[in-house]
Amino acid sequence: MATTLIQGGTVVSAIGRREADVLIDGESIAAILAPGHAAAYGITPDVVIDAAGKYVVPGGVDAHVHMSLPFGGTVSADDFDTGSRAAAWGGVTTIIDFASQTVGLDVREALAARHVEAAGECHVDYAFHQIIGDVNEESLEAMTYLVENEGITSFKMFMAYPGVFYSDDGKILRAMQNASESGALMMMHAENGIAIDVLVAQSLARGDSDPKYHSYTRPEELESEATHRAIKLARVAGNVPLYIVHMSASEALEEVSRAQHMGLNVFAETCPQYLYLSIEDHLAQPGFEGAKWVCSTPLRSKHEHHQKDLWKGLRMNELAVVSTDHCPFCMKDQKELGIGDFSKIPNGMGGVEHRMEMIYQGVVMGEMTLERWVETCCTTPARMFGLEKKGVLEPGADADVLVWDPNTKTKIGINDKHHMAMDHSSYEGFEVDGKVDTVISRGRVVVANDTYLGAKGHGQFVKRSLNQYIH
Ligand code: URP
Ligand code: ZN
Ligand code: ZN
């Protein structure tokens, strides 16, 4: 087995930083050594990576991505090959995608089909959450089976998208009760989809059909109402651990914060788009341009408090995780499906490559500490979703490492840093501090010197244990 020594860097964890060298043996971290001590122990590494002046952090864990997701009459543009490669370019060494059961489908068959799609395709390690879109005896029984046998320990449900993924409160409650018994985590897309559909129909009837109306028909009240309802249902279901995905709004965050203060097992994530992008600067761009930023939950107004509150939530641990909800659609032939009718624009934007960069910028802006960057982007997503060997640099952990150069900048854009299968960039023109320097996935250098060295098929499926904050 080859040994690699990352030497001279500052190792940053969720709880602190220190000058140290990281010794990798094969696919695992072998030791964290005092600087220069490898030689004193008689260790002669096969490969030495110079990290002087750089941060050495665990590889990123993006707990919410959608490769090849069928949505709105098309399929998200990145598949497991291109999307996981872009993840590697962004310092992300584990992605969690979704297997999807919709009405009429068998959960186990849906999971098996997703395994077939991903097998041999991924550049970095991957896991699945299971979407439950049809609650019945079969799916409830399958949920337990997946937890006990398949390493699938989290289930996503939708209070939005009636007729597609939507579940009513009764179905959600039944699934939550099941998860409460098995120890699984429930993930919730919390928007009141029934009310949203009324607002959408009214908007279109008035002739308000541009992309910005996507956000105006999904007001924050309908995000916070659904968040509140999900929290209550989870409590009724025995305080099942509940994780609210892609939180965008201040009022919704208040619901989470209140629940946490009551001692409920409620967690939440936000995504870079909600911290940086807005209706005014993006979604409401002239013509059809704004379609690039149609996603749900939607971008909010920069004149309200959302971005400030979301950063605060990240600092205070009301928001535990930053994911991307990576779900890219090209403008051509995909977003274009909604020209003249915003409700037909496929929902989603790409960002798996840029999460570490965009959230590091929060460190530079003074919104969070370096340690909190590691915690929200690497360590907590791993602990939240039971990835026992991910998200930390310690002996025995998988050798997933990001060497980060804080002394240079990254220019993001379709002609700059951009490796996703999209014909535009959600963060076009952003120039952020810091840069992905070297990325190691289970001991293999996959990115170095601005060169891609990874390979399709290197990434392996990872079975997950239960949420490690509750169990
Ligand atoms: O707009 C989004 N978020 N698309 C992906 C599906 C989802 O709701 O997560
Ligand atoms: Zn969602
Ligand atoms: Zn999503």
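Taken together, the values in this text are just the output of simple stated rules run on the coordinates, not laboratory data. Please read all numbers here as calculations on a predicted model, not as lab measurements. Counting neighbours? That spans all protein chains shown, and the Cβs are built from the backbone with ideal geometry, glycine included.
What does the highest-first list of 16-27, 50-61 look like by mean Cβ count within 10 Å?
Working: 16-27: 18.4, 50-61: 23.4.
By packing density, highest mean first, the sequence is 50-61, 16-27.
In square nanometres and to one decimal, what's the mean projected area of the convex hull around the Cα atoms of the stretch 216-351? Let's see the in-between values first.
Values: hull surface 32.5 nm².
The number I arrive at for the stretch 216-351 is 8.1 nm².
Suppose the Debye formula is applied to equal point scatterers at every Cα of the stretch 1-137; what is log10 I(q)/I(0) at q = 0.10, 0.15 Å⁻¹? Debye curve over Cα of the stretch 1-137, log10 I(q)/I(0) at q = 0.10, 0.15 Å⁻¹: -0.49, -0.82. Put in order of Cβ neighbour count within 10 Å, fewest first, the listed residues H228, H424 become H228, H424. Since only I345, Q334, S301 are under comparison, the one whose Cα sits farthest along the positive direction of the charge dipole of the stretch 261-365, derived from C-beta charges on Lys, Arg, Asp and Glu, is S301. Between the Cα long axis of helix 193-206 and the first principal axis of the chain there is an angle of about 60°, rounded to the nearest 10.
In this Cβ point-charge picture (+1 for Lys and Arg, -1 for Asp and Glu), the chain has a dipole of about 560 debye about its Cα centre. Per residue, the convex hull spanned by the Cα atoms of the stretch 16-56 measures out at 84 cubic angstrom.
Quick check: Cα centre of the stretch 58-97 to Cα centre of the stretch 346-407, how many Å? When both Cα centres are located, 15 Å separates them.
Of the residues A320, A205, T74, the one whose Cα sits farthest toward the positive end of the charge dipole of the chain, with +1 on the Cβ of Lys and Arg and -1 on the Cβ of Asp and Glu, is A320.
From the convex hull of the Cα coordinates of the chain, what is the mean projected area in square nanometres? Intermediate results must be reported in sequence, preceding the final value.
Details: hull surface 81.1 nm².
If I average the Cα hull's projected area over directions, I get 20.3 nm².
The antiparallel fraction among DSSP beta bridges confined to the chain stands at about 50%. Modelled label positions at D46 and K463, each set 7 Å beyond Cα in the direction of Cβ, lie 2.8 nm from each other. Across the chain, the mean sequence separation of Cα contacts (distance under 8 Å, 6 or more residues apart), normalised by length, yields a relative contact order of 22 percent. Express in whole angstrom the spacing between the alpha-carbon centres of the stretch 161-240 and the stretch 305-323. Value for the Cα centre distance between the two parts: 21 Å. Where the alpha-carbon atoms of the stretch 282-419 are placed on the principal axes, they occupy 55, 33, 31 Å, in descending order.
Take each peptide in 298-304, 84-90, 317-323, 268-274, count the other Cβ atoms within 10 Å of every residue, and average; sorted highest first, the result is 84-90, 268-274, 317-323, 298-304.
Taking all Cα pairs closer than 8 Å and separated by 6 or more residues, the relative contact order of the stretch 330-471 comes to 24 percent. Going from the residue with the fewest nearby Cβ atoms within 10 Å to the one with the most, L253, L33 rank L33, L253. Scanning residues 5 or more positions from V447 or on other chains, those with amide H under 5 Å from its amide H are V439, L453, with H placed 1.01 Å from N in the peptide plane. Rounded to the nearest Hz, the phi-derived 3J(HN,Hα) couplings of the stretch 129-136 under the Karplus curve 6.51 cos²θ - 1.76 cosθ + 1.60 (θ = phi - 60°) are 8, 10, 7, 10, x, 8, 8, 7, where x marks glycine and proline. Using Cα atoms only, what is the angle between the long axis of helix 220-236 and the major principal axis of the chain, expressed in degrees (0 to 90) to the nearest 10? So the helix axis and the longest Cα principal axis differ by about 80 degrees. Taking N as the residue count of the stretch 122-281, its C-alpha radius of gyration divided by 2.2 N^0.38 Å amounts to 1.10.
The GluC sites (Glu not before Pro) of the stretch 370-471 that DSSP puts in a loop, and whose beta carbon has at most 16 other beta carbons within 10 Å, are E388, E428.
Per-residue 3J(HN,Hα) values for the stretch 185-190, derived from phi via the Karplus relation 6.51 cos²θ - 1.76 cosθ + 1.60 with θ = phi - 60°, read 9, 9, 9, 10, 7, 9 Hz in sequence order (x marks Gly and Pro). Amide hydrogen proximity for G391: with H placed 1.01 Å from N in the peptide plane, the residues at 5 or more positions away or on another chain lying under 5 Å are G59.
More than 20 Å apart: what percent of Cα pairs in the stretch 1-76 qualify?
Details: 1245 of 2850 pairs.
Taking all Cα-Cα pairs of the stretch 1-76, the fraction more than 20 Å apart is 44 percent.
Relative to the longest principal axis of the Cα atoms of the chain, the long axis of helix 355-364 lies at roughly 80 degrees.
List the relative contact order of the stretch 9-67 as a percent without decimals, with contacts defined as Cα pairs under 8 Å and 6+ residues apart. Numbers along the way, then the final one.
Values: 58 pairs, mean separation 22.3, N = 59.
RCO, the stretch 9-67: 38 percent.
Phi angles across the stretch 75-83 convert, under the Karplus curve 6.51 cos²θ - 1.76 cosθ + 1.60 with θ = phi - 60°, into 3J(HN,Hα) values of 10, 3, 6, 7, 9, 5, 5, 5, x Hz, Gly and Pro given as x.
Treat the count of other C-beta atoms within 10 Å as a stand-in for reagent exposure and order I470, I345, I279 from fewest to most. Provide the component values of the computation, followed by the final result.
Working: I470 13, I345 25, I279 22.
Neighbour counts put them in this order, fewest first: I470, I279, I345.
Cross-link partners of K171 among lysines, defined as those whose alpha carbon lies under 20 angstrom from its own and excluding same-chain residues fewer than eight positions apart: K156, K232.
If you take every DSSP beta bridge whose two residues both sit in the stretch 128-254, what share of them, in percent to the nearest 5, is antiparallel? Each step should come with its number before you reach the end.
On the way: 0 of 11 bridges.
If I count the DSSP bridges inside the stretch 128-254, around 0 percent turn out antiparallel.
Taking only the alpha carbons of the stretch 258-325, we obtain Rg and Dmax values of 13.8, 47 Å in that order.
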